[in-house]
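Data first, discussion second: the structure below is written as structure tokens.
The values are calculated or read from the model by the stated rules, or taken from the named source; none is laboratory data. No experiment lies behind these values; they were computed from the predicted model shown. Note that each Cβ is placed from the backbone with ideal geometry, even for glycine, and that neighbours are counted across all protein chains shown.
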Amino acid sequence: MEKIILASRSLDRKELFNRLSIPFEILITDIDEEKYKNEIEDPANLVMKLAEIKAKTAKELLKEKNTQGDPIIIAADTIVVFQGTVIGKANNKDQAFKILKKLNNQTHKLITGISIAQLNNSKIVKDFDETLVTFSLLSDKEIKKYLECEEWKGRAGAYSINDKASVFIKKIEGSPSNVIGIPMQKVFQMLKAEFSINLLRI
């Protein structure tokens, strides 16, 4: 099977692939996400579009490098939606506190868009997954204590269920791996249906 390229800088997505012993390489694509956030209002369409752009950008970079073989490219983008409002990543600790204060003792929706492409194939497929996450009740002191660690940085919703934030997640409805970084079951199905690749056979 051709190698897999994970077009993401996310440590959490990397960890998910490592746990499954799936051989892959990382390729970081830097795109202007803010541009599309102003153009696309629907959250699901937004994350699918961003994932698609990341996959296409990765494909161009691989071609520029004269990459051998026909690797599979997997890209993703995640946002948090609370009461109809999109919540992205916090730029600083104050923003992170405000985000967590808003999500405190509430249920929010986490949406991840996925796009999969192949270097020498014109096909690009995309889909998304949604998971409902409910936080328990936290005091301001507990939120501030949590923010002393660095895991809120670079994460949608300013938390990582894969680390210390797992202690204040009350309930998850949907894919747990989606909350970590990418819905692996959805990726598994997309690869099998669209590219005849079964990750369980690697």
Being among the aliphatic types (A, V, I, L, M) and under 14 Å from the mean Cα position of the chain (by Cα) is the filter; apply it to region 1-25 and report the residue that is surrounded by the most Cβ atoms within 10 Å (Cβ to Cβ).
ALA7
Considering residues that are small (Gly, Ala, Ser) and closer than 16 Å to VAL81 by Cα, the number found within region 21-66 is 1
Checking the structure you have, find out if any residue of region 94-106 is touching a helix residue (DSSP H, G or I) at 6+ places or on another chain (Cβ under 9 Å), of a type outside the set (Gly, Ala, Ser) and at pLDDT below 95.
no
Of all residues in region 51-92, how many are surrounded by fewer than 22 Cβ atoms within 10 Å (Cβ to Cβ), of a type in the set (A, V, I, L, M) and closer than 18 Å to ILE40 by Cα?
4
If I filter region 154-170 for residues that are over 24 Å from ALA51 (Cα atoms), in a helix (DSSP H, G or I) and of a type in the set (Gly, Ala, Ser), do I get at least one hit?
yes
LYS141 assigned to a strand (DSSP E or B), at pLDDT 95 or above, basic (Lys, Arg) and more than 18 Å from PHE17 (Cα to Cα):
no
Report the residue count in region 155-172 for those that are free of Cβ contacts under 8 Å to residues at least 12 places away in the same chain and over 18 Å from PHE97 (Cβ atoms).
1
Residue selected from region 136-169 under the condition out of contact with any strand residue (DSSP E or B) (no Cβ under 8 Å at 6 or more places or on another chain) and among the polar types (S, T, N, Q), by the criterion surrounded by the fewest Cβ atoms within 10 Å (Cβ to Cβ):
SER139
Which ones in region 105-140 are more than 18 Å from the chain's Cα centre (by Cα) and either among the basic types (Lys, Arg) or closer than 28 Å to LYS170 by Cβ (or both)?
ASN105, GLN106, THR107, LYS123, THR134, PHE135, SER136, LEU137, LEU138, SER139, ASP140
Expected single match for among the polar types (S, T, N, Q), touching a Ser or Thr at 6+ places or on another chain (Cβ under 9 Å) and farther than 16 Å from GLY181 by Cβ among THR57, THR85 is THR57
